[in-house]
Amino acid sequence: MNFEDLYKENYAIVFGYLLSLCNNADIAEELTADVFLKAFEKISTYAGKSKISTWLCGIAKNEYLQYLRKNRHHLSFEELNDVADNNNFENDLQDRNTAVLLHKCLHNLPEPYHEVFILHVFAELNYKEIADIMNISETSARVIFFRAKNMIKKEMEEKYE
């Protein structure tokens, strides 16, 4: 596979993952470019043990963590709402208020629940791929996702009551 094909086939996954982490399309776009540049430089280190999209999401996670350390960036609820306006995810929900509430609940999730939920729902990675990225067992990835889902459900129910 040449680099152009790699980019075309995996751009949406990497960008979507980064967007869900940083909640800012401009930052996600910049970081996505950095990910593919780093992947191009390090393609010889890809061992083929996991899907290439999993490898790329691992690079994306590291790039995002570097970005946070460098910029000490903290998201506000206003930024989260701006992302909700630009994110296609809420189109799948019945109303905009539910989408915003879901994003706020997701924003409040502690790690590792936040990241596992993002990887599974938005990046559409399976538990094995999540386990590879996070250096945890597949069972742990499943349990963390289950707990994250329950935390979000509980918080959404409390907000609606």
**Request:** Please give the per residue accessible area of the range 120-161, computed with a probe of 1.4 Å over protein heavy atoms only, in Å².
**Result:** 65
**Item:** Per-pair calculated FRET efficiency, R0 = 30 Å: Leu37 and Asn135 via Cβ, rounded to 0.05
**Value:** 0.80
**Message:** Suppose a student asked you for the relative contact order of the range 1-63, using Cα pairs under 8 Å spaced at least 6 residues apart; what percent would you report?
**Reply:** 40
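What is the sum of charges around Leu125, taking Lys and Arg as +1, Asp and Glu as -1, for the other residues whose C-beta is under 14 Å from the C-beta of Leu125? Numbers along the way, then the final one.
Values: positive: Lys51, Lys61, Lys128, Arg142; negative: Glu115, Glu124, Glu129, Asp132, Glu138.
For residues surrounding Leu125, the net value is -1.
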**Message:** Starting from 0.36 nm per residue, how many nanometres of slack lie between Glu29 and Ser44 once their C-alpha separation is accounted for?
**Reply:** 3.0 nm
**Fill in**
Pseudo-spin-label distance Glu158 to Ile52, built 7 Å along Cα→Cβ, given in nm, is 4.4
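The values are calculated or read from the model by the stated rules, or taken from the named source; none is laboratory data. All values reported here derive from a predicted model rather than from experimental measurement. Virtual Cβ from ideal backbone geometry, glycine too; neighbours counted across all protein chains shown. Side chains are part of the model used for accessible areas, which takes the heavy atoms of the whole protein and leaves out ligands, DNA and RNA. Shrake-Rupley method; radii C 1.70, N 1.55, O 1.52, S 1.80 Å.
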